[in-house]
Structure formats: C-alpha cells, structure tokens
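Beneath this line is the structure, given in structure tokens, with notes to follow.
The values are calculated or read from the model by the stated rules, or taken from the named source; none is laboratory data. These numbers were taken from a predicted model, which means no experiment stands behind them. Note that each Cβ is placed from the backbone with ideal geometry, even for glycine, and that neighbours are counted across all protein chains shown.
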Amino acid sequence: MRTNKVVAIIAAAVVIAVAVYAGYSFYGPSRPAPLIVYSADAYVAEANTLLSGYHNASGYSVLKAKGGGSFMDAQEIGQGDPANAFISVSKSSFNQSYLKARYSGWAIAFASDQLVLAYSNSTDTKLVNSIVGQFNSAHMDNSSASYRQAYENLTSGKVKVGISNPSSDPAGLRGWISLEIAGKLYANNEAKFTTSIRENNGVTNDTSAAELVSPLSTGNIQFLFIYKSAAISDRLPYVELSNYTNFGLASLSGFYSSFTYGTATGPEHGSPVLLLVTSLAGNGPVAAASLNFTVYVVTHNSEMASFGLVPFAKPLLFNDTALPATIETLLEEGKITQSGTI
C-alpha cells in the first residue's frame, strides 16, 4: 500500500515537472485559464502590445500571441487548436468554412495597412537599385509607361521576388493579385506579369512573408511583397506601390475585390489590408475575457499608429449573425460603425 502511494506521488511529480518544462500551468476554478490569441504573423508585435495592455488594465492572465499566416491560423483554429480571439488581415479568414465551430459571425476592423515592395541591398545592387528607381519614379509621376517598365524588370527572372503562399498567407495572395492588377492597369493584360514571373522562375515562396524576411536580408532574394508595418518593424527598405496595387484604401474595396486568385480552398478576392479582431465562439469560461479583450483592442487602437498602421477613428464592424451584447453596446454608443458582412 505504501509502495503504491509512493509511486503515485512520484508519477504526479513527473507530470507536474513535464508540464512546467513545456511551459504550461494548471488552472482551477480559482485561477481562470489564460487568454490565447492567434494573430497574423506580421502583427504579432502589435497583438502582444494589445495583450500586455489588456493584462495591465484587467489583471487577466494572457499568453504571448501565436503567429502564422491568417488562412493557416484560421484553419488550425477550425481544426481544434486552442484559441480565444483571432486577429487577421483577411476578412474571409473569419468565414465559417475556415473557423468551423469557432465561427463567431462577426469581426471588427480597427486599423489599416498597405502592401509594399521591400528590397535587399546585399546583392545585385546595381540591378536592384535600377528597379527601385523605376518604381519610385513611376510612383512620383503616376506614369503607366514607367510602371510597366518597372514591373517588366521585376518579373524578368533577373531578380528573385518573395511571394508567400497565397493559400496560407493573405500577404502572398495580395502579392499575386497586385501583379494581376498591375498587368491590367499598365499592360492591358491581367496575366502579363504573373505569367512572366512564373515562366522566368522569378518567384521564391514560403508559408508566410515573415519567413522570407531572412532570405531578403541575406540577399538570397532581392524583393519581397510584405506589409508596410512589417517592413518598418523589420527595418527593411521598401518602395511604395500605387493605391490601386497596394490594397491600402478601404474606399477602393470594390475595385480590389474585382480581382481574384486561386488558392487551395478556391478563388479568393482582393481586399483592402484591414486588421480585424473577433472573439471566437465556444470560449466557455473564457468568453467574457475574450470579449473584453476585443473591446480593449477597439478602444485602444490608437496604439497601432506607432507600428506604422492607420487606426480607424470608428472601427468597422462586419457581421453575419446576431452580436454579443458587449459588441452591440459598442455599436449603440457609436464607438464602431456597421460596414457590411463577413
């Protein structure tokens, strides 16, 4: 009997030691589980700033945000990975087809960003500088002929361009659609630049734009489609794209959405770069904390300006279902504005 008791004590100690080593804690009724937030990997720093602020304001326990491509994040959440809130740069990643039982039916856009073309100074400096100069001149002059020349050189295969996987990362999706738009606007041929860069073997890809930052910094690739805030955060030099190809204006939403690109789950439409948040369904005892975190994000979005984002004076609500009372109150008080469906 004594032997069995000793064995049980040792076994319990081993379980606790393994849990501590793995970075977990035990949470009982008197100690609620910590808040878990999945975030688009380009915005993990922003998410962690918001989580830290929420923790300081509420005292509620939080974990560091888990980053990944927005589509990949949504798929993992839908497959059962533990998460309470989701921050994404793709409105379609909040669809039930991705989130499944965790679908809440609503999301709030609290800031905007834009796509830029980051570049490397590590190799092929003359050619890279030439293309950068062409883009800068075209941006200043708003010249279709200059843009066409810049895109022809970018997609010639003489430089490597990083475009993340469009099925896992909206930055990659927008990179491909940006090339489609450029083809339509500057060469009267939507497929011109996407075809050119493929045929010339000019693309390097990975699961997310964040994974391509290191190859860019070392000169293994020369250009990278990435969000402006991420380029600023990673101290990458970049050239700005036109408003029609950078997905930076919510007012051009209809134009962006007229272009599509095929992904593993079907064609996806272009959309402005909006940073959105939702409290996921099925949060159980963490539901109130998750909703309160969302309210904190919406009411403290001015903090995002320091990251190069543009906070909305009135965040934009998108919903397909009835809203939680907490979010309904924000709408009634005029702190957010109704902007359409998911």
Practice task
Determine which single condition Q149 fails, assuming it passes every other condition in (1) out of contact with any Ser or Thr (no Cβ under 8 Å at 6 or more places or on another chain); (2) surrounded by 16 or more Cβ atoms within 10 Å (Cβ to Cβ); (3) of a type outside the set (V, I, T); (4) under 30 Å from L331 (Cα atoms).
Solution key: (4)
Exercise for the section: Return the only residue of G133, G162 being out of contact with any helix residue (DSSP H, G or I) (no Cβ under 6 Å at 6 or more places or on another chain), of a type outside the set (F, W, Y), in the same structural domain as S217 (by TED's automatic domain parsing) and farther than 25 Å from S251 by Cβ. Expected result: G133
Practice task
Tell me which of these S90 doesn't satisfy, since it passes every other one: (1) closer than 19 Å to G266 by Cα; (2) surrounded by fewer than 24 Cβ atoms within 10 Å (Cβ to Cβ); (3) in contact (Cβ under 8 Å) with a residue 24 or more places away in the chain.
Solution key: (2)
Practice task
Return yes or no: is K335 in a strand (DSSP E or B) and either surrounded by fewer than 19 Cβ atoms within 10 Å (Cβ to Cβ) or of a type in the set (A, V, I, L, M, F, W, C) (or both)?
Solution key: no
Exercise for the section: Sort out which residues of region 251-275 are buried (at least 16 other Cβ atoms within 10 Å of the Cβ), farther than 25 Å from T195 by Cβ and over 16 Å from the mean Cα position of the chain (by Cα), and write them in order of number. Expected result: S253
